[in-house]
Structure formats: structure tokens, C-alpha cells
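Read-outs: derived from the displayed coordinates by stated rules, not from any lab. All of these numbers come straight from a predicted model, not from anything done at the bench. As a convention, Cβ positions derive from the backbone with ideal geometry for all residues, glycine included, and neighbour counts pool all protein chains shown.
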Ligand SMILES: [Zn+2]
């Protein structure tokens with residue numbers, strides 16, 4: 001098992017265990033703000049990018065995912081940070097779309113975490129340049145379950161069913 005040492009293994013080159021299970025997801029703090037043009041990190045939503053604002057008035061900002069996951073591999077659980085491209089695979093929409101979905105359905109935050117728990121994934125881990133060096137970064141995420149649907153798709157269907165719209169209607173017609 002020596003070759004499976006984390007994070008030493010991933011510190012040198014990306015490391016992809018055959019499978020991982022998602023032990024937990026921190027859905028309460030899922031994003032950061034970035035310049036809408038160059039995607040540099042901004043301290044908050046209202047700050048302007050100091051590079052792009054020299055050339056454009058109001059470069060604007062957008063949210064990008066930064067999800068904190070606990071991922072179980074063979075014999076341990078490791079904290080993993082998941083940035084925009086990999087997080088979209090799990091969530092099924094952009095971080096801005098997710099933020100407006102949450103504004104309309106606040107309980108979705110907790111539900112998203114519950115839905116993702118236990119999900120089997122193939123995750124490529126590499127060393128994170130962000131924050132604490134203990135965190136590995138998920139550079140790619142591939143769901144392994146055959147019927148996997150991203151969180152926002154499942155939640156949209158769930159809320160449709162709760163309000164008894166299209167699904168109920170469909171059922172009565174058959
Ligand atoms: Zn910028």
C-alpha cells in the first residue's frame with residue numbers, strides 16, 4: 001500500500017485511484033468571486049479587477065465553484081478542493097446559476113450535500129496551489145454510477161414534483 005500514500009503520491013504527479021467515494025461536501029461555502037473577463041480571484045463581488053478595469057469600465061464579476069469535499073479512497077479520507085470545471089460535473093450548472101437556484105430554494109443547499117454523499121467517483125488528484133498544502137485538488141471528476149444525474153437536474157425534478165406541476169399532469173393523462 002506504500003504507493004497509495006496521499007498526498008505524497010499526488011504531490012509529484014496527478015494521481016487517479018480506481019474509485020473514490022464522496023464522504024461529505026461542504027455546500028455552505030461553494031464559490032469564490034472572480035473577474036468576469038480574466039477570472040482572477042476578487043476579494044468580493046463588488047470589487048473590480050484591477051487589471052481589466054484599466055481597459056474596460058465595469059469588467060464585472062462572476063462566481064466560480066470552490067467546493068470542499070471529503071473523499072474516501074482505499075484506507076483514508078482526504079480533504080479535496082474542487083474548482084469550477086470539476087465541480088460543474090457534479091452540480092450540473094454554473095456557480096452563478098446555482099446561487100440563484102439556492103435563492104429560490106434555500107433548503108437545496110442541505111439537500112445537495114445529502115445527494116452527493118456516497119457518490120462513487122473517479123477523481124484525479126493533484127497538489128493544490130490554493131491555501132493549505134494539506135488540500136489536494138480534484139483536477140477531474142467522473143461519476144461512476146450508471147444513472148448519475150447532476151445535483152441541479154435532480155433537484156429541479158424534485159421541486160417540480162413537490163409543486164405538482166408537469167410530473168403530476170403527465171401521470172393523470174396516462
Ligand atoms: Zn480581470
Restricting the search to region 96-128, which residues are touching a helix residue (DSSP H, G or I) at 6+ places or on another chain (Cβ under 7 Å) and farther than 21 Å from residue 160 by Cα? 125, 126, 127
What pairs come out if I take residues in region 49-63 that are within 17 Å of residue 32 (Cβ to Cβ) and pair them with residues that are assigned to a loop (DSSP other than H, G, I, E, B) and more than 9 Å from the ligand (Cβ to nearest atom) whose C-beta lies under 6 Å away, six or more apart or interchain? 61/45
Tell me which of these residue 142 doesn't satisfy, since it passes every other one: (1) without any contact (Cβ under 8 Å) to a residue 24 or more places away in the chain; (2) over 16 Å from residue 66 (Cβ atoms); (3) within 15 Å of the chain's Cα centre (by Cα). (1)
Give the number of residues within region 31-44 that are away from the ligand (no atom under 11 Å from the Cβ) and either in a loop (DSSP other than H, G, I, E, B) or without any contact (Cβ under 8 Å) to a residue 12 or more places away in the chain (or both). 2
Return the residues of region 120-131 that are within 17 Å of residue 77 (Cα to Cα) and in a loop (DSSP other than H, G, I, E, B); say none if nothing qualifies. 128
